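The values are calculated or read from the model by the stated rules, or taken from the named source; none is laboratory data. Predicted, not measured: the structure shown is a model, and the values here were computed from it. Quick reminder, even Gly has a Cβ in these numbers, built from the backbone with ideal geometry, and neighbours come from all protein chains shown.
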Amino acid sequence: MIFYSTNKQSTPVSLKKATLEGLASDGGLYVPSAVPRLSSEEIELLREAPFNDIAFAIAKKFSDGEIPDSSLWEIIESCFTFKTPLIELKKNIFVEELFHGPTLAFKDYGARFLAHLTGYFAKEDQKLITILVATSGDTGSAVAYGFKGVPNTRVILLYPSGKVSRLQEQQLTTVGGNVTALEISGDFDDCQRLVKQAFMDGELKQRLSLTSANSINISRLIPQTFYYAWGALHIALRHPGNKAVFSVPSGNYGNLTGGVVAKMMGFPIEHFVAGSNANDSVTRYLEEGRYEPRPTVATLSTAMDVGNPSNFARLKHFYNEDHRAMAADITGCSVSNQETLDTIRSVYDRFGYIADPHTAVGFRAMERFNEEHQTPRHPSVVISTAHPAKFLESIREALDMEITIPDRLQDVLDRKKVSVPMSCDYRDFADYLSKL
Ligand SMILES: *Cc1c(COP(=O)(O)O)cnc(C)c1O
């Protein structure tokens, strides 16, 4: 399979090149030359298959000819060592939990696949690859844990000192091994500027084999199709003849784009509901057909605070720039902070289920969709993107109760923070890199 840029100005590349480059040289996002389709026989064979078999079958379509089956299977087995539970809360209402990975959020799926694929390609070239990441919190920890212990890779994280939560800082600074955290006296923009500047230094980039692991990497998108296929096949098995409607809490729209690709591959999916918070550029586009991004505003679902989502370019590409086609598959819904808190409460009252603020946006969007389309004719699956223990304050405010912190999280909180303090002057960063 070859990949080309959404801007169509750069030459098409292999999966390896697309993965190691991240962003195309024309500034566009890599997309597959065509979405691979699975035949109904191939899908039938996967109906009762375990998660990793489904993941393998899909990944093979994207990596055909580049990665031998045995290596691809090893990559899949190293990535998905945790469960993806699909829980029926009530007849026809499901929640699919994507927070059982090491950082308790769905970004683990993308980050781990990217990490193991990068490790594989680095080994092929007998190189040590250095991944530079500027983070304002969650992406950095998913990347750090994704690459942790992956041979032939090392990660350097830059985070703004005093500007991430204590939990995030602990997650960034206690990984150790091949992961180093630089604590920058500055803000997130300073961290991004330092990383960008390092990438512009050709000699440095070459010598350290620098690569980024940002969220638009095609190898983060591919694994985000796996859990839609898995969920859709599960629903089809339990409710024969019925296709699932997925509700996806969305920020940068990478998660949703994974779902759209899974549907195009032929997995039994009826429709998508895309829940946003007050950052509703895509929601308004779906309703009105005009895309007018606005500055980002802060909300309770912080990981979805994106004013101008970068995956929108990919979504448009997959629908051939056709607003009507996109709106036929996806219904947008914007959810306020107050509704988010109310929904955490109502979901708990109705199902005894604790939803984090992101997942709550998904629940509210799904409820509104079902209200407007009469009772749910199709099984509804709310995608749960984070463990509620990561957002204790919202849970406390909505439910007035304390929840148990999972051992994995408690363990991270108890560990000793190790970071390298650094100014936001590029010369200091360059000096540090030159000694690696
Ligand atoms: C990143 C994130 C989202 C948003 O996902 P996108 O792919 O950016 O739309 C939702 N919830 C949580 C917990 C996240 O970390």
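Can you give me the number of residues within region 332-364 that are closer than 15 Å to residue 397 by Cβ, of a type in the set (D, E, K, R) and assigned to a helix (DSSP H, G or I)?
Count: 3.
I'd like to check which helices (runs of 4 or more DSSP H) are fully inside region 162-262 and have at least 2 residues that are more than 16 Å from the ligand (Cβ to nearest atom) and farther than 30 Å from residue 282 by Cβ.
Passing ranges, in order: 166-173, 188-200, 202-208, 223-238.
Could you please find all residues in region 233-258 being without any contact (Cβ under 8 Å) to a residue 60 or more places away in the chain and surrounded by 24 or more Cβ atoms within 10 Å (Cβ to Cβ)?
250, 251, 258
Which residues, counting only those in region 264-297, are surrounded by fewer than 24 Cβ atoms within 10 Å (Cβ to Cβ) and either near the ligand (Cβ under 10 Å from one of its atoms) or among the basic types (Lys, Arg) (or both)?
The answer is 284, 290, 294.
Can residue 60 be described as surrounded by fewer than 19 Cβ atoms within 10 Å (Cβ to Cβ), at pLDDT below 95, out of contact with any Asp or Glu (no Cβ under 6 Å at 6 or more places or on another chain) and among the basic types (Lys, Arg)?
no
So which residues in region 43-62 are free of Cβ contacts under 8 Å to residues at least 60 places away in the same chain and among the acidic types (Asp, Glu), if there are any at all?
44, 53
Just to be sure before I move on: is residue 303 buried (at least 18 other Cβ atoms within 10 Å of the Cβ), near the ligand (Cβ under 9 Å from one of its atoms), in contact (Cβ under 8 Å) with a residue 12 or more places away in the chain and outside any helix (DSSP H, G or I) in the structure I sent?
Working: buried (at least 18 other Cβ atoms within 10 Å of the Cβ): yes; near the ligand (Cβ under 9 Å from one of its atoms): yes; in contact (Cβ under 8 Å) with a residue 12 or more places away in the chain: yes; outside any helix (DSSP H, G or I): no.
No, not satisfied.
Considering only region 123-136, state which residues are surrounded by 20 or more Cβ atoms within 10 Å (Cβ to Cβ) and either polar (S, T, N, Q) or not in a strand (DSSP E or B) (or both).
Selection gives 130, 135.
Of the numbered conditions (1) more than 20 Å from residue 105 (Cβ to Cβ); (2) within 14 Å of the ligand (Cβ to nearest atom); (3) of a type outside the set (Phe, Trp, Tyr), residue 339 fails exactly one; give the number of that condition.
(2)
Small (Gly, Ala, Ser) and closer than 20 Å to residue 18 by Cα: does that describe residue 247?
Working: small (Gly, Ala, Ser): yes; closer than 20 Å to residue 18 by Cα: no.
No; evaluated as a whole, the condition is false for this residue.
Is there a residue in region 106-121 that is surrounded by fewer than 24 Cβ atoms within 10 Å (Cβ to Cβ), without any contact (Cβ under 8 Å) to a residue 24 or more places away in the chain, away from the ligand (no atom under 16 Å from the Cβ) and over 16 Å from residue 223 (Cα atoms)?
No, every residue in region 106-121 fails to be surrounded by fewer than 24 Cβ atoms within 10 Å (Cβ to Cβ), without any contact (Cβ under 8 Å) to a residue 24 or more places away in the chain, away from the ligand (no atom under 16 Å from the Cβ) and over 16 Å from residue 223 (Cα atoms).
Within region 306-328, can you find the residues that are of a type in the set (D, E, K, R) and either within 16 Å of the ligand (Cβ to nearest atom) or modelled with pLDDT under 95 (or both)?
Result: 314, 316.
Being modelled with pLDDT of 95 or more, out of contact with any Gly (no Cβ under 7 Å at 6 or more places or on another chain) and closer than 30 Å to residue 405 by Cα: is that true of residue 85 here?
It is true that residue 85 is modelled with pLDDT of 95 or more, out of contact with any Gly (no Cβ under 7 Å at 6 or more places or on another chain) and closer than 30 Å to residue 405 by Cα.
From 349, 356, grab the single residue that is of a type in the set (D, E, K, R) and within 16 Å of the ligand (Cβ to nearest atom).
The conditions single out 356.
I'd like the full set of residues that are out of contact with any Phe, Trp or Tyr (no Cβ under 6 Å at 6 or more places or on another chain) and in a helix (DSSP H, G or I), limited to region 76-90.
Residues satisfying the conditions are 77, 78.
Restricting attention to region 136-144, does a residue exist that is touching a Cys at 6+ places or on another chain (Cβ under 7 Å) and closer than 30 Å to residue 364 by Cβ?
no
What pairs come out if I take residues in region 145-168 that are on the phi > 0 side of the Ramachandran plot and surrounded by fewer than 24 Cβ atoms within 10 Å (Cβ to Cβ) and pair them with residues that are polar (S, T, N, Q) and assigned to a loop (DSSP other than H, G, I, E, B) whose C-beta lies under 7 Å away, six or more apart or interchain?
Going by the 7 Å Cβ cut-off, the qualifying pairs are 149/178.
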